[in-house]
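A.B. asks: Sharing a structure with you now.
The values are calculated or read from the model by the stated rules, or taken from the named source; none is laboratory data. Note that the coordinates shown come from a computational prediction; the quantities given were computed from them, not determined experimentally. Cβ: placed from backbone, ideal geometry, glycine included. Neighbour counts: every protein chain shown. Heavy atoms of the whole protein, side chains included, go into the accessibility calculation; ligands, DNA and RNA do not. Shrake-Rupley method; radii C 1.70, N 1.55, O 1.52, S 1.80 Å.
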Amino acid sequence: MRLRNWIGVVISVLLLAAAGTVGILVNRSALRAADAVHRADSQALAVNNGLLTRQLQLLSAKELASFLTDHVLHLGKGSAADKQALATLVAKSTTFTYGALITDLSGNVLSASRATGLPSAADAAWKPLKASLAAGQPGFSSIMNVNGTYLEAVAVPITVGGTAAGLLIGLNPVASTSLQQYLETLKDATHTTVVVDPAGTIAATDTAANVGTKVDGAIQAALAGAPTGGTFVEYTSGGTAMVAMVVGQLPGGYAYVRTQTRESFDGAVHAKSQTLNMTLLAMLLIGVAAVSMLGYRTMLQRRRSDERFQALFQHAPDLVSVLDATGKIAFSSPSAGAILGFETGLLVGTSVFDIVHPEDRPFMVQQFGTLIGEKNGVLRLQCRVRPADGEYRWFEFTASNQMDNPALAGVVINARDVSENRAFQERLEFEAQHDALTGLPNRRRMQDVLGASLRYDAVAVLFVDLDGFKPVNDAHGHEAGDELLRQVATRLSACVREDDVLSRVGGDEFVVLMPGVFDPAAVEATSARIRQAIEAPFTIDGNEVRIGASVGVHMAPLSCDPDEALRAADHAMYTIKKSGGSRAQREPAFVVSNHGRHRAEP
């Protein structure tokens, strides 16, 4: 009996030892898989926010470039006209509210919107701005402290005859920019988000009081070598282990940095893992004491294993699911209820593709099949998902093939709702291709459409220039001029067909594209409607204003060069302009030859 008991004890010990070892290995494997997905997801989020930061920086430079397109600067020392133009820029801008200035190529100030409070020309923060300009890119300075105000200078070259003759510089008070406001929306108790200059000075942060301070020395040391794809920096601050995600190579040498404690980064999963290991060791010791505990300890082991996986997915910040080889949901984290609105466990056993948008479903099925064939493969993509309310939202997925992992035996999906970020990106793309004043497509968008249309069909190009706009602008001010342009855009929109493209290409210049039009009479009818619409009186700030429109027309044949077609229509308009403008125009001028651009008034 004793031998039998000892045999039972030995078997119990061996079984428990084996089970404990397997449990620890499974726990470590699951933890590694979760860490890999978490790190990849954190890196993807940081890179995405770094891209948004880059776009916001470049939008500020684009604002200066757009200003140069609509204004002619004299570049004279103390020019009153240039000072007035700078004052207009500062008054209208939501970015360069501190001021603006014009310098020569050596940095000497020619004109400024303010008499005092300008950064010193000897400030070392100008160095990255000059380096960017020398490389043919917009210039961004490091952070400068001017009388307690932290500034960033943004510069674009002023060209005369195709050669740089000076610099237009906008001064950006970083504590009140759109970038600062955006980062404040990302504020979270578990992490800190900052954008820093090459010297490690904070330019924008989710805590406004920290603007102008320095980041930790370990982060400063990593700034120069940080790639656009991001890198992790682990360091110690005040005895606390920290983790930072650094996305570098932003314009001007800036970098996006997201920091948090190592404890909050690892989350509750690591703590649960340590607890589980101790529990398994205790089970091994208890098994040695009595054979009768064998069955009980086996049951406890299963329960602890379930708790382990529940802890793994319960505390994940996003929606976490495990799919089998056919795409059916084997496990869905409780966060599915909060994110998608489904009751906990309701999705288990259903196909994940049932809630994918029908237009995205074939591609997702194909990508899932590819992932199943790649051992330990990782896939990142976006698609539309239908929550319980039925309104599709965009989600970003990170899928990891863990079919060969005994702890998971499935495909681990980590998903987060990116609808707001996607909408923000689409808005940036729209603004890049449309005129901010009128909402019409801009020159870039018009040229893209013209080039694409000419590859398949003939296009009638109408170049419209307003007659008498400058006197209205001079007499009533820029605000009245802007309102007049908006009303002109509305009237022109009513004159064109549904398939036509109306765009604003410059100050008071518009272009109408009429794809597939071969009949000059149809073009003349449109031209006449435009002239009649523009010659009707406008009401601006209670004043009746009358202007006209010179309309140049070019019938561009199939496969015509887009730039040649636009120049020909421009020249036709200029010919009308020289002959007296809209009031002298009776028929549109049709031109097929190649002529240069103009800027003359009749």
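A.B. asks: Among the strands (runs of 3 or more DSSP E) contained in segment 121-221, which hold 3 or more residues that are buried (at least 18 other Cβ atoms within 10 Å of the Cβ), at positive phi and touching a Pro at 6+ places or on another chain (Cβ under 8 Å)?
C.D. replies: Fully inside segment 121-221 and qualifying: nothing.
A.B. asks: In addition: Anything in segment 536-564 that is touching a residue at least 12 places away in the same chain (Cβ under 8 Å), outside any loop (DSSP other than H, G, I, E, B) and in contact with a Pro (Cβ under 9 Å, 6 or more places away or on another chain)? List them, or say none.
C.D. replies: Val545, Ser550, Val551, Gly552, Val553, Met555, Ala556, listed by residue number.
A.B. asks: A further question on this structure: Considering each residue of segment 79-102, count those that are without any contact (Cβ under 8 Å) to a residue 40 or more places away in the chain, open to solvent by less than 40 Å² (accessible area, probe 1.4 Å) and small (Gly, Ala, Ser), and give that number.
C.D. replies: 2
A.B. asks: In segment 547-579, which residues are surrounded by fewer than 24 Cβ atoms within 10 Å (Cβ to Cβ) and of a type in the set (S, T, N, Q)?
C.D. replies: Residues satisfying the conditions are Ser559, Thr575, Ser579.
A.B. asks: Moving on to the next point. Here are the criteria: (1) open to solvent by 70 Å² or more (accessible area, probe 1.4 Å); (2) over 18 Å from Gly139 (Cβ atoms). Tell me which single one Ala46 does not satisfy.
C.D. replies: All conditions are met except number (1).
A.B. asks: When you scan segment 386-439, how many residues do you find that are out of contact with any strand residue (DSSP E or B) (no Cβ under 8 Å at 6 or more places or on another chain), of a type in the set (A, V, I, L, M, F, W, C) and assigned to a loop (DSSP other than H, G, I, E, B)?
C.D. replies: Just the residues of segment 386-439 that are out of contact with any strand residue (DSSP E or B) (no Cβ under 8 Å at 6 or more places or on another chain), to begin with: 388-391, 404-407, 420-421, 423-432, 436, 439.
With of a type in the set (A, V, I, L, M, F, W, C) added as a condition, the list becomes 388, 407, 423-424, 428, 430, 432, 436.
Then drop every residue that is not assigned to a loop (DSSP other than H, G, I, E, B), which leaves 388, 407, 436.
Selection size over segment 386-439: 3.
A.B. asks: Which pairs turn up if I take residues in segment 206-234 that are closer than 22 Å to Asn48 by Cβ and modelled with pLDDT under 90 and look for partners that are of a type in the set (Ser, Thr, Tyr) and surrounded by fewer than 14 Cβ atoms within 10 Å (Cβ to Cβ) with beta carbon separation below 9 Å, at least 6 apart in sequence or on another chain?
C.D. replies: Asp206/Thr185
A.B. asks: Looking only at segment 319-356, filter to residues that are part of a loop (DSSP other than H, G, I, E, B) and under 19 Å from Leu379 (Cα atoms); which one of those is least open to solvent (accessible area, probe 1.4 Å)?
C.D. replies: Filtering segment 319-356 for residues part of a loop (DSSP other than H, G, I, E, B) gives 324-327, 333-334, 341-350.
Add one more test, that the residue is under 19 Å from Leu379 (Cα atoms), and what stays is 324-327.
Numbers: Asp324: 55, Ala325: 56, Thr326: 97, Gly327: 0 Å².
If we take residues in segment 319-356 being part of a loop (DSSP other than H, G, I, E, B) and under 19 Å from Leu379 (Cα atoms), then Gly327 is least open to solvent (accessible area, probe 1.4 Å).
A.B. asks: Go through (1) open to solvent by 30 Å² or more (accessible area, probe 1.4 Å); (2) modelled with pLDDT under 85; (3) more than 24 Å from the chain's Cα centre (by Cα) for Ser419 and report which single condition fails.
C.D. replies: It is condition (3) that Ser419 fails.
A.B. asks: If I ask for residues that are open to solvent by 60 Å² or more (accessible area, probe 1.4 Å) and part of a loop (DSSP other than H, G, I, E, B), which ones from segment 368-385 would you list?
C.D. replies: Within segment 368-385, Gly373, Glu374, Lys375, Asn376 qualify.
A.B. asks: Additional query: Looking only at segment 22-41, which residues are in contact (Cβ under 8 Å) with a residue 24 or more places away in the chain and of a type in the set (Lys, Arg)?
C.D. replies: Within segment 22-41, Arg28, Arg39 meet the criteria.
A.B. asks: Still on this structure: Of the residues that make up segment 130-142, is at least one in contact with a strand residue (DSSP E or B) (Cβ under 8 Å, 6 or more places away or on another chain), of a type in the set (Phe, Trp, Tyr), touching a residue at least 40 places away in the same chain (Cβ under 8 Å) and under 21 Å from Thr159 (Cβ atoms)?
C.D. replies: Yes; the residues of segment 130-142 include at least one that is in contact with a strand residue (DSSP E or B) (Cβ under 8 Å, 6 or more places away or on another chain), of a type in the set (Phe, Trp, Tyr), touching a residue at least 40 places away in the same chain (Cβ under 8 Å) and under 21 Å from Thr159 (Cβ atoms).
A.B. asks: Any chance segment 65-75 includes a residue that's assigned to a helix (DSSP H, G or I) and under 21 Å from the mean Cα position of the chain (by Cα)? Give the derivation first.
C.D. replies: To start, the set of residues in segment 65-75 that are assigned to a helix (DSSP H, G or I) comprises 65-70.
Within this subset, residues satisfying the condition of being under 21 Å from the mean Cα position of the chain (by Cα) are 65-66.
Yes, some residue in segment 65-75 is assigned to a helix (DSSP H, G or I) and under 21 Å from the mean Cα position of the chain (by Cα).
A.B. asks: How do the pairs read when you match residues in segment 163-192 that are touching a residue at least 24 places away in the same chain (Cβ under 8 Å) and within 19 Å of Ala65 (Cα to Cα) with residues anywhere that are β-branched (Val, Ile, Thr) and not in a strand (DSSP E or B), using Cβ under 6 Å and keeping only pairs 6 or more apart or on different chains?
C.D. replies: Filtered contacts from segment 163-192: Asn172/Thr95.
A.B. asks: Restricting to segment 222-244, name every residue that is farther than 17 Å from Arg39 by Cβ and open to solvent by less than 30 Å² (accessible area, probe 1.4 Å).
C.D. replies: The initial filter retains those residues of segment 222-244 that are farther than 17 Å from Arg39 by Cβ, namely 223-225, 228, 236-240.
If the condition is that a residue be farther than 17 Å from Arg39 by Cβ and open to solvent by less than 30 Å² (accessible area, probe 1.4 Å), then Leu223 is the only one that fits.
A.B. asks: I'd like the residue in segment 103-120 that is of a type in the set (S, T, N, Q) and within 23 Å of Leu59 (Cα to Cα) and, out of all such residues, is surrounded by the fewest Cβ atoms within 10 Å (Cβ to Cβ).
C.D. replies: Checked segment 103-120; the qualifying residue surrounded by the fewest Cβ atoms within 10 Å (Cβ to Cβ) is Thr103.
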